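First up is the structure itself, then whatever we jot down about it.
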């Protein structure tokens, strides 16, 4: 039968003896723990626990506080109660102490060190991911029957075809904005006809692939990270490995193939939409006919700038797919990790796209292209 926790104090020749009785559990302890701590504070009392009924960690914690906090004090108890007190006492000894506030250079140096270690770990994880991906790609090349065509087609539609409206509309307005800026500036010098060259070079060389890659970074990289991350949270990736299915072949390679196929096609769509926007503005604002616009585009701009822009598309597609899939594979078992990885996928992908575009610009500048 349950009994409320209580105690009584007796004075003997050997000192004060506090005899505990009842159930020292969280449900039946009430204020007995606080009263016990108040009665024995400042004195050298012995606690007799042989008459108590049940005892849990909450009761053991109050008893240890009264007996001398973390050292156990003078306690007489049955074997099972002593074992519980010992476990709780060890936990109290290992309880982490609050960190003292650090200020000045020590805190700064520690943060820098943690940052460097984080970069090192991130680089190592990236190399491991690339190694697994290359192994899966090599197996797919040697054994084409291992390629999963159904996911590739489905992902191609989701990552590419469904993005055509947003890519075309965005590129159309980018081309129109470039045309407006060119018309306003070049008209002051009486060189408004050169707006055609400005639009052609800007759209075909830079804005087509850059806008497309940024949109897919926000649209597809986040989607890849969220999809794979959700499967990681639900242990579906672990189940694949148990069944002998390589997650890189089933999840990563189809997304790589879809991005590499669709980003150049979307870049072509963005080029046509951007030129259409620029042509419309020059027709309305500068009164340059579409025939004149297209003829001057062919004569003075040419296809070189178009192929320069297209050459960036496969590289950016590879980077976007790699970042999205890798961040998805790094998701832990909680929703917070999923959100953090999805955000990292978008941020890293956009940063990498801009960096790659700058590197390509330097390379083509050295090649005089």
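No lab work stands behind these numbers, since they all come straight from the coordinates. Values in this document were obtained by computation on a predicted structure and should not be read as measured data. Note that each Cβ is placed from the backbone with ideal geometry, even for glycine, and that neighbours are counted across all protein chains shown.
Side notes on the structure shown:
- Cα gyration tensor, the range 6-93 - rounded (a/c under 1.5), prolate or oblate: rounded
- Label zone at residue 304 (point 7 Å along Cα-to-Cβ), backbone N below 20 Å, the range 171-194: 194
- If you run the Gaussian network model on the chain, springs between alpha carbon atoms under 10 Å, then out of 309, 89, 332 the most flexible one is 89.
- Ellipsoid semi-axes in whole angstrom, largest first, where each is sqrt(5λ) of the Cα gyration tensor of the range 172-226: 32, 9, 6
- Projected label points at residue 79 and residue 169, each 7 Å from Cα along the beta carbon direction, are separated by 7.7 nanometres.
- Rounded FRET efficiency, nearest 0.05, which uses the C-beta distance separating residue 283 from residue 361 and R0 of 30 Å: 0.50
- Scaled against the 2.2 N^0.38 Å expected of a compact globular protein of N residues, the Cα radius of gyration of the chain reads 1.69.
- Cα shape, the range 216-303, gyration tensor, a/c 1.5 rule: prolate
- Here the extension length gained between residue 245 and residue 149 equals 33.0 nm, from 0.36 nm per residue of separation less the Cα-Cα distance.
- Note on the chain: with a GNM built from Cα contacts shorter than 10 Å, the maximum mean-square fluctuation among 60, 273, 303 falls on 60.
- Efficiency of FRET from Cβ geometry, residue 292 and residue 157, R₀ 41 Å, rounded to 0.05: 0.60
- Extension gain from residue 369 to residue 238, taking 0.36 nm per residue of separation minus the Cα-Cα distance: 42.3 nm
- Where only alpha carbons of the range 168-261 are counted, the Rg and the Dmax (Å): 21.7, 71
- Report summary: the helix-based calculation at 222 nm, which adds -39500 (n - 2.57) for every DSSP H run with n ≥ 4 and divides by the residues of the chain, gives -22000 deg cm²/dmol.
- Once the chain from residue 16 to residue 117 is taken as fully extended at 0.36 nm per residue, the excess over their C-alpha distance is 30.7 nm.
- Label-point separation in nm, residue 93 to residue 54, each point 7 Å along Cα→Cβ: 2.9
- Cα gyration tensor shape of the range 147-366, rounded if a/c is under 1.5, else prolate or oblate by comparing a/b with b/c: prolate
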